[in-house]
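These notes are about the structure you will find just below.
The values are calculated or read from the model by the stated rules, or taken from the named source; none is laboratory data. Because the structure is predicted, anything quoted here is derived from the model rather than measured. Counting neighbours? That spans all protein chains shown, and the Cβs are built from the backbone with ideal geometry, glycine included.
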Amino acid sequence: MNYGTYIFDFDNTLFDTRGGYEACYRKAFGIFGIAYDPSKYYCYIRTPLHAIFEKHYPGRPCRYREFVAEFMKEAENSVVDTTVPFPETIECIERLADSGKKMAIVSGSPESYINDILDNNDLRSHFGTIIGYENSLRPKPDPYPIDLCLKNLGTRPDGCVYIGDSLDDVTAAKRAGIGKILVDRHGGYREGEADHVISNLIELLR
C-alpha cells in the first residue's frame, strides 16, 4: 500500500468520537421521542443525519432542521473535549508526513470541530485541506467532497487513496476514481469490499 496522497475519514478512522456523539444522538433523539440504541452506534455514525432522521421519523421533513440543530448544539458541548485519537493515529500520521506524503481529511463532521481536535493533538499542520460538513454539498457516498479535496490539494486521482470505516466511504472513493481502504475496527467487513481491509492504521505503513 504505497500512495502519494492519503485522504482520511475522521470519525472512527483517525479519532474515537464515540463519547461526544453518543451524547448528541441521545439529545436529538430524545427531543423527538426516539429511543437511542447504543448497540447501533456504529450504524448511526456511518449514516448521514438526514437518513437517520428519515428512518426514525418519516414523513416530517420540516422538522429535520430542528433535529440537526439539537444535534449540533449538543456537539458544541460534547465532541471536542471528549474526542481522543486511536492508539496508532499519531504514529501513522507522523510517519506518513516524514515520508513526504500529502494528507487531507474528508468527513461528515463539522470542519471547526475537526480543526480544534487536530490542534489539540498538534496534528493540524500535517493536513493540506479539511473538507467537512459545511462544504459537503452532496455528502458521501457522492464523490463531491473527495473531488473538492483533490481540487484543493491540486492533486490528480492517480496515486491517491481514501481511508474510511464505512461502505459509503468505499463507494465515494470508487466514484472519485481513487484507491479505497476500509478500517474495520469492530469486525463485519469482508475482503473484496475495498482494495484493502485493515484493522488499524499502522497497516497502512507496511
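Annotation: of all residues in region 96-124 being touching a Phe, Trp or Tyr at 6+ places or on another chain (Cβ under 8 Å) and charged (D, E, K, R), the one that is nearest to G20 (Cα to Cα) is E111. For region 176-194, filtered to residues that are without any contact (Cβ under 8 Å) to a residue 40 or more places away in the chain and surrounded by 16 or more Cβ atoms within 10 Å (Cβ to Cβ), the residue that is farthest from Y41 (Cα to Cα) is A176.
Within region 60-79, the residues that satisfy the criterion of being among the aliphatic types (A, V, I, L, M) and either at pLDDT 90 or above or surrounded by fewer than 19 Cβ atoms within 10 Å (Cβ to Cβ) (or both) are V68, A69, M72, V79. None of N200, N152 is of a type outside the set (K, R), in contact with an Asp or Glu (Cβ under 7 Å, 6 or more places away or on another chain) and surrounded by fewer than 22 Cβ atoms within 10 Å (Cβ to Cβ) except N200. Within region 60-72, residues that are of a type in the set (V, I, T) reach partners that are in a helix (DSSP H, G or I) with beta carbons closer than 9 Å, at six or more positions or on different chains, in the pairs V68/A28; V68/L49; V68/H50; V68/F53. Go through region 60-89 and give me each residue that's in a helix (DSSP H, G or I) and either farther than 26 Å from F32 by Cβ or in contact with a strand residue (DSSP E or B) (Cβ under 7 Å, 6 or more places away or on another chain) (or both). T89 - this is the single residue of region 60-89 that is in a helix (DSSP H, G or I) and either farther than 26 Å from F32 by Cβ or in contact with a strand residue (DSSP E or B) (Cβ under 7 Å, 6 or more places away or on another chain) (or both). Scanning region 162-175 for residues that are in a helix (DSSP H, G or I) and either surrounded by fewer than 24 Cβ atoms within 10 Å (Cβ to Cβ) or of a type in the set (S, T, N, Q) (or both) yields a count of 6. Taking into account only those residues within region 116-139 that are part of a loop (DSSP other than H, G, I, E, B) and small (G, A, S), which is farthest from C92 (Cα to Cα)? For region 116-139, the residue satisfying everything is S136. The one condition from (1) hydrophobic (A, V, I, L, M, F, W, C); (2) over 30 Å from K101 (Cα atoms); (3) surrounded by fewer than 18 Cβ atoms within 10 Å (Cβ to Cβ); (4) in contact (Cβ under 8 Å) with a residue 40 or more places away in the chain that A35 does not meet is (4). For I131, state whether it is aliphatic (A, V, I, L, M), assigned by TED's automatic domain parsing to the domain that holds I178 and either within 25 Å of E203 (Cα to Cα) or modelled with pLDDT of 90 or more (or both). Here the answer is yes, as I131 does meet what is asked. Within region 77-96, the set of residues being within 16 Å of E111 (Cβ to Cβ) and out of contact with any Pro (no Cβ under 9 Å at 6 or more places or on another chain) comprises V80, T83. For region 1-58, the set of residues classified as aliphatic (A, V, I, L, M), over 17 Å from P110 (Cβ atoms), in a helix (DSSP H, G or I) and within 19 Å of the chain's Cα centre (by Cα) consists of A51 only. Selection within region 90-114: residues that are under 13 Å from the mean Cα position of the chain (by Cα) and not in a loop (DSSP other than H, G, I, E, B). The member of this set that is nearest to T47 (Cα to Cα) is V106.
Screening the candidates D142, D98, D122, D116 for the property of being free of Cβ contacts under 8 Å to residues at least 60 places away in the same chain, under 14 Å from F10 (Cα atoms) and of a type in the set (D, E, K, R) yields one hit, D116.
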